[in-house]
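Notes follow the structure.
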Amino acid sequence: MVEEKMGACFTATKDQFDNLEKHTQWGIDFVERYTKFVKERSEIELNYAKQIRNLSKKYQPKKNSREEEESKYSSCRAFLTTLNELQDYAGQHELVAENLTAQIIAELAKYTQELKSERKSHFHDGRKAQQHIENSWKQLEACKRRFERDCKEADRAQQYFEKMDADINVTKADVEKARQQAQMRHQMASDSKGEYSSYLQKFNQEQNDHYYTIIPNIFQKIQDMEEKRIERLGESMRTFAEVDRSILPIVGKCLDGMTKAAESIESKNDSKQVVDSYKSGFEPPGDVEFEDYGQAMKKAVSETSLSNSRGESKPEKSNKRQGKLWPFIKKNKLSLKLGGGPEDFSHLPPEQRRKKLQAKIDDISKDIQKEVDQRDALTKMKDVYIKNPQMGDPTSLDPRLGEIAQNIDKLQAEVQKFEGWLAEVEGRMPAKSDPPSKRQSAVFETQNNAPPVTNNCAQDRESSPDGSYTEEPSSEPGQPPVKPADPEFDDEFEEEEVLPTIGTCKALYPFEGIANTCTNEGTISITEGELLYVIEEDKGDGWTRVRRNEEQEGYVPTSYVEVFLDNNTKELWGSLAMEFPWLS
């Protein structure tokens, strides 16, 4: 009965260990499954952020004239702001993926390994304790069976002795031998009894420790391990939510930026810019005069009549060739476009030349100051060497001092050379004290009082050997330059249709242009702040040739625009960055 009860206890304990082992293994699998879930969520966030970034880059404006033209509209600027905010929005989702990986995935992976190791240790201790108590029980059973066997042997020996002692036919020696044998068996039974009693006490103590101390402690550790696992999962789930919540303020700011950009759209201002960009600037034609066919045929048309306006665009051949290159200026303009030029910057307009010369003087002055600082430092060091010869040889510094002195002399000569050129430019430049309104009224007065243009206006200007234009003494001041209509040049350069741009310019003041009736290459209207392409520099006559688009080009007063050649284009964008934020 006792054996069956003890066997049932051992079996029950073993079964509980098996159940606990299955449950704890399921717990570890659950942690790994949750880790995999978070990992897949992180990958989704990364892919989403990548797609958002690609979408933003796809719709970013390209660096071409059309996109730059569109950037002046508030709706285009708002869309660009939305694209930039999307970049920050994508960055927040990348941050979510990064935090999920660092705070949950990595931590749970590390914890899972620790959990597996701890679980293995606990169940190893439990299996070991179970095995120990089972071995003790087996030893107790062995002692018990040995005691039982010895008792039976002692009883048989005692019975045999009594039988021999009662038999009168048995010798005394046989009786004595039987008595000794019975005593020895009784002694062995007594020893087995003592051993069984001692081991029984030991087993009862071990069994008590096993069921009341060792196994409960192991079960408690497994329970603590499970509770910690559950708490750790709860913390990870809270972190999962907090990672998303932490980016909400920044995401909200991104969305606020998009909303603010949408609210900044000004439809009226955009439509006004379209009107300003495409308005022609021409005056409506005057009334058509009555022509009396009863008299000699005579065409009388007012200066502002429709026929006169049509007459200006009549010579299609000259208009077609208005963008042709002259044979002597093609190479010169190419060299300007590539950034080449003389040392004195004589290829630049006066104002740009003055800026370049002044910048060159400033750079050389900085170099001179560096050389002077080096000279002063070496001079002080030489004085120290003279006072303390043990620190160094003073004469060892003389070669370097001589070299610095030569460098200073060379740099000072350079400064004098550039200062001379600067003085020459400043002496030639017109006074800047005249207000724009006075200059503008002078130009309008010149335009309105200009004499009638004759058919010989194409010969008012002729090409010089160096590719520049020179004016004839008969040329009227204040009128834009006119290209010579030499048929030989037209035939020789028939294939060259458009002059290359050599830079850009910004209109400082508005100007109303008047077309030239001879070549259809007169002035064009400009508005303040407008950006144009420069296709021909000012040749000293006060006019610069510009292009608005492929169809519109003409001359504008040089004093009305700020010219930036190709090698100075960066200065233009830098100066416009505050006025036109979308250009940056």
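The values are calculated or read from the model by the stated rules, or taken from the named source; none is laboratory data. Note that the coordinates shown come from a computational prediction; the quantities given were computed from them, not determined experimentally. Note: ideal-geometry Cβ built from the backbone for every residue, glycine included; neighbour counts use all protein chains shown. Please note that ligands, DNA and RNA were not included when accessible areas were found on the heavy atoms of the full protein model with its side chains. Shrake-Rupley method; radii C 1.70, N 1.55, O 1.52, S 1.80 Å.
Contact annotation: residue pairs with Cβ atoms under 6 Å, 6 or more positions apart or on different chains, pairing a residue in segment 393-416 that is under 13 Å from GLN374 (Cα atoms) with a partner that is among the acidic types (Asp, Glu) and open to solvent by less than 80 Å² (accessible area, probe 1.4 Å), are ILE404/GLU371; ASN407/GLU371; ILE408/GLU371. Note on segment 219-278: residues that are open to solvent by less than 80 Å² (accessible area, probe 1.4 Å), within 30 Å of LYS116 (Cβ to Cβ) and under 33 Å from the mean Cα position of the chain (by Cα) amount to 6. Scanning segment 183-218 for residues that are open to solvent by less than 80 Å² (accessible area, probe 1.4 Å) and charged (D, E, K, R) gives ARG185, GLU206, ASP209. Condition first: in a helix (DSSP H, G or I), at pLDDT below 75 and of a type outside the set (Asp, Glu). Now tell me which residues in segment 549-578 satisfy that. The answer is ASN567, ASN568, THR569, LYS570, LEU572, TRP573, GLY574, SER575, LEU576. Just one of the listed residues (PRO349, PRO394) is at pLDDT 50 or above, within 30 Å of LEU411 (Cβ to Cβ) and in contact with a strand residue (DSSP E or B) (Cβ under 6 Å, 6 or more places away or on another chain), and it is PRO349.
Applying the set (1) open to solvent by 50 Å² or more (accessible area, probe 1.4 Å); (2) not in a helix (DSSP H, G or I) to ARG156 leaves exactly one unmet item: (2).
Where helices (runs of 4 or more DSSP H) fall entirely within segment 196-286, those with at least 2 residues that are aromatic (Phe, Trp, Tyr) are at 215-246. So for segment 109-125 (the condition being surrounded by fewer than 18 Cβ atoms within 10 Å (Cβ to Cβ), among the small types (Gly, Ala, Ser), touching a residue at least 12 places away in the same chain (Cβ under 8 Å) and not in a loop (DSSP other than H, G, I, E, B)), does at least one residue qualify? Among the residues of segment 109-125, at least one is surrounded by fewer than 18 Cβ atoms within 10 Å (Cβ to Cβ), among the small types (Gly, Ala, Ser), touching a residue at least 12 places away in the same chain (Cβ under 8 Å) and not in a loop (DSSP other than H, G, I, E, B), which makes the answer yes.
For segment 126-153, filtered to residues that are under 30 Å from LYS177 (Cα atoms) and among the acidic types (Asp, Glu), the residue that is surrounded by the fewest Cβ atoms within 10 Å (Cβ to Cβ) is GLU148. Taking the stated definitions as given, is ALA142 under 30 Å from GLU195 (Cα atoms), in a helix (DSSP H, G or I) and at pLDDT 90 or above? It is true that ALA142 is under 30 Å from GLU195 (Cα atoms), in a helix (DSSP H, G or I) and at pLDDT 90 or above. For the structure I just gave you, tell me whether ILE52 is in a helix (DSSP H, G or I) and under 30 Å from LEU115 (Cβ atoms). Answer is no for this residue.
Considering every residue within segment 132-148, establish whether at least one is farther than 30 Å from TYR212 by Cα and more than 60 Å from the chain's Cα centre (by Cα). Scanning segment 132-148 turns up at least one residue that is farther than 30 Å from TYR212 by Cα and more than 60 Å from the chain's Cα centre (by Cα).
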